[in-house]
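*Asks:* Please read through the structure below; I'll follow up with questions.
The values are calculated or read from the model by the stated rules, or taken from the named source; none is laboratory data. Bear in mind the structure is a predicted one, so any value in this text is a computation, not a measurement. Note that we place each Cβ from the backbone using ideal geometry, even for glycine, and neighbour counts take in every protein chain shown. To get the accessible areas, we keep the full protein, side chains included, count just its heavy atoms, and leave off ligands, DNA and RNA. Shrake-Rupley method; radii C 1.70, N 1.55, O 1.52, S 1.80 Å.
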Amino acid sequence: MNLLYKSTRNNDRKVTASEAILKGLAEDGGLFVPEYIPKLDVTMDGLKDMTYQETAYAVMKQFLTDFTEEELKSCIDRAYDSKFDTEVIAPLVKVGDVYHLELFHGATIAFKDMALSILPHLLTTAAKKNNVSNDIVILTATSGDTGKAALAGFADVPGTKIIVFYPKGGVSRVQELQMVTQKGENTSVVAIHGNFDNAQSGVKALFEDRELEKELEDAGCQFSSANSINIGRLVPQVVYYVYAYAKLLQNEEIAAGEEINVTVPTGNFGNILAAYYAKQMGVPIAKLICASNENKVLFDFFRTGVYDRNREFILTSSPSMDILISSNLERLIYTIAGQDAEKNAELMAQLREKGKYEITPEMKEKLEDFVGGYATEEETGETVRRTYERTGYVMDTHTAVAASVCAKYRKDSGDEKKCLIASTASPYKFIHSVMSAIDEKYASADEFELIDELNRVSGTPIPNAIEEIRSAEIRHSRECDADRMKDTVKEILGV
Ligand SMILES: *Cc1c(COP(=O)(O)O)cnc(C)c1O
């Protein structure tokens, strides 16, 4: 029997996994969710000796039930190959008394590669299965990392085009260079005059624009999404939590059945939602610790039950988490509302109209698996520096937000369960912030001068992704105002 997917805003229509991946967002503006979270059908003991690719198949086949074994395995093999600089794909590193799950060994050195190296294959397979002959146009809003990972994944993939919007001035220099030097005839990159929330709301509005949909259809195109609103992004992210637990077991760091906590540096709530799904699949995870930077809208939400985006947008040293509207939270809201699409739609309408909503006390009770925390800029920098001084390990600023929150949680709660930290980016990607945290003397240095210095202090090799942009030609220089995104898309597509 196929596992079907519903919109978080309408319970009536159900689609298959491949249809949900193709569409990206439901027609009513809701997000696709599986009717239930499937259980793993292999034991942890069985998973322990599996490779990343084998684990990926064991997890993903439970969600993407209308893909054949051959289709899914082919997608997995094409995704998790030598694009990653290590055979284990996602290494576990013990740093002090916590375990860092390094999710940044792919082509663009941030965790977005974990899902975006497979999404293009899932999408083109889904198009074939559903006899779609239109070109798929991927529209993506990025706070910096998704954009590059999606561009790398979709560049020159036949039958696809990709347009990425990023906030001008809201991403690191390395992130911007990675995007604007992207090769591929089917790629476009646009800097918008606004922040990530403007970019994301603009993209969502384009998805919901029925007139534009018709014009695209006439031109032989249709939109899909590479953002974590696409369920095809989320499912591959469940894999590495299952894999990490199995490896902790294999390395005898934990005993069979032992519960662990997981801390995730959070922006759009995709990565931590994947950990929540892993827990529901059967991974012994106790607490899901949601770590925010100074844009701590989620911390406030877990504390008070009120989600309120009416606040100042702060640019921090962890720019990929500078987000005030966490799209994937909608999937959790729907779940804790007892899969009540009407209730969820009502709350999302309040978010759109007033910028805030409050969940009911019954809903709040169902959040007991989650702990919210946040780290200030100072705490983040301090965590990078002190960890380096004590252990020699250099982590990026996003990961440091999580490490700081995890340490505070342990101290305040006395909860001594072993803790896994989702390590979401290479320190090379946010090199200026990382090096200035280690020593103020680097604050005035140019990002590129610091590359060799980080190589020296950390002893980790300079990733290819960094070598590439040192000399690459700039290929994209388009900019637009946040309210002109539709015209820009039409111009690029020639419709
Ligand atoms: C995207 C990103 C995050 C936030 O992940 P979400 O799934 O949006 O919560 C954290 N760290 C880095 C480096 C990222 O690129």
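*Asks:* Once the convex hull of the C-alpha atoms of segment 1-75 is built, how many Å³ does it hold per residue, rounded to a whole number?
*Replies:* It is 97 Å³ per residue.
*Asks:* Further question on the same structure: Just name one of THR397, THR266, THR108: the one whose Cα is farthest towards the positive end of the charge dipole of the chain (beta-carbon charges, Lys/Arg +1, Asp/Glu -1).
*Replies:* Going by the Cα projections, it comes out as THR266.
*Asks:* Given Cβ point charges of +1 (Lys, Arg) and -1 (Asp, Glu) and nothing else, what value in debye, to the nearest 20, does the dipole of the chain about its Cα centre take?
*Replies:* It works out to roughly 380 debye.
*Asks:* Give the accessible surface of the chain per residue, rounded to a whole number of Å², with probe radius 1.4 Å and ligands, DNA and RNA excluded.
*Replies:* Dividing the accessible area of the chain by its residue count gives 38 Å².
*Asks:* Treating the Cα atoms of segment 343-495 as identical point scatterers in vacuum, please give the log10 of the normalised Debye intensity I(q)/I(0) at q = 0.12, 0.13, 0.18, 0.20 Å⁻¹, two decimals.
*Replies:* Values, matching the q order: -0.83, -0.90, -1.05, -1.14.
*Asks:* Give the separation of the Cα centroids, segment 180-238 to segment 1-72, in Å.
*Replies:* Taking the Cα centre of each part, segment 180-238 and segment 1-72 sit 22 Å apart.
*Asks:* What does a probe at ASP45 reach in segment 249-279, counting residues whose amide N is under 12 Å from the point 7 Å along Cα→Cβ?
*Replies:* Once the point is set 7 Å along Cα→Cβ of ASP45, 256-257 turn out to lie under 12 Å by backbone N, inside segment 249-279.
*Asks:* Test of understanding: express the Cα radius of gyration of segment 110-211 as a ratio to 2.2 N^0.38 Å, with N the residue count.
*Replies:* In units of the 2.2 N^0.38 Å rule of thumb, it is 1.07.
*Asks:* Same structure, new question: Any idea how far apart GLU440 and ILE474 come out in nm if each label point goes 7 Å out from Cα toward Cβ?
*Replies:* 3.3 nm
*Asks:* Could you give the dipole magnitude of segment 177-304 about its Cα centre, charging the beta-carbon of Lys and Arg +1 and that of Asp and Glu -1, in debye to the nearest 20?
*Replies:* Approximately 380 debye in magnitude.
*Asks:* Another question, then. Semi-axes, largest first, in whole Å: what does sqrt of 5 times each Cα gyration tensor eigenvalue give for segment 20-137?
*Replies:* 27, 18, 15
*Asks:* Going by a ≥ b ≥ c, the root eigenvalues of the Cα gyration tensor, does segment 286-379 fall in the rounded group (a/c under 1.5), the prolate group (a/b larger than b/c) or the oblate group?
*Replies:* Here segment 286-379 falls in the oblate category.
*Asks:* Could you give the distance between the Cα centres of segment 105-133 and segment 394-450, to the whole Å?
*Replies:* 29 Å
*Asks:* Using only the Cα atoms of segment 430-495, construct the convex hull and provide its projected area averaged over every direction, in square nanometres to one decimal.
*Replies:* If you wrap the Cα atoms of segment 430-495 in a convex hull and average its projections, you get 6.9 nm².
*Asks:* Straight-line reach from LYS148: which lysines have a Cα under 22 Å away, not including same-chain ones fewer than 8 places off?
*Replies:* Qualifying lysines at Cα under 22 Å: LYS23, LYS83, LYS112, LYS161, LYS168, LYS183, LYS204, LYS429, LYS486, LYS490.
*Asks:* Further, regarding this structure: Name the residue from LEU25, THR65, TYR80 whose Cα lies farthest towards the positive end of the charge dipole of segment 1-127, charges +1 on Cβ of Lys and Arg and -1 on Cβ of Asp and Glu.
*Replies:* LEU25
*Asks:* Considering only protein heavy atoms and a 1.4 Å probe, what is the carbon-and-sulfur percentage of the accessible area of the chain?
*Replies:* C and S fraction of accessible area: 45 percent.
*Asks:* What number in nm² do you get for segment 110-153 if you take the convex hull of its Cα atoms and divide its surface by four?
*Replies:* Result: 3.1 nm².
*Asks:* Before anything else, pin down the relative contact order of the chain: Cα pairs under 8 Å, at least 6 apart, normalised by residue count, whole percent.
*Replies:* Across the chain, relative contact order equals 19 percent.
*Asks:* With a Förster radius of 25 Å, plug the Cβ-Cβ distance of GLU69 and ASP156 into 1/(1 + (r/R0)^6) and report the FRET value to the nearest 0.05.
*Replies:* According to the calculation, E is roughly 0.35.
*Asks:* Additional query: In the chain, with Lys and Arg counted as +1 and Asp and Glu as -1 at Cβ, which of these residues, VAL203, TYR334, SER436, has the Cα nearest the positive end of the dipole, that is, farthest along it?
*Replies:* TYR334
*Asks:* Under the rule that an exposed site lies in a DSSP loop and has at most 16 other Cβ atoms within 10 Å, name the longest stretch of the chain with no GluC sites (Glu not before Pro) of that kind, not counting the sites themselves.
*Replies:* The reported range is 88-184.
*Asks:* Stokes-Einstein D for segment 367-424 at 37 °C, 0.692 mPa s, Kirkwood Rh over Cα pairs, in µm²/s?
*Replies:* My calculation gives 275 µm²/s for D.
*Asks:* Here is a further query. For segment 1-106, run through the trypsin sites (Lys or Arg not before Pro) and keep only the ones in DSSP coil with at most 14 other Cβ atoms within 10 Å of their Cβ.
*Replies:* Those that pass, being in a loop and sparsely packed, are LYS39.
*Asks:* Starting from 0 in steps of 20 Å, tell me what percent of the Cα-Cα pairs of the chain lands in each bin.
*Replies:* Going out from 0 Å in 20 Å bins, the chain shows 25, 62, 14, 0 percent.
*Asks:* Under 17 Å from the Cα of LYS354, which lysines turn up, not counting those fewer than eight places away in the same chain?
*Replies:* Answer for LYS354, where 17 Å is the Cα cut-off: LYS343, listed by chain and number.
*Asks:* On a 1.4 Å probe surface of the protein chains, which of MET44, MET321 comes out largest in accessible area, and what is the full order?
*Replies:* MET44, MET321
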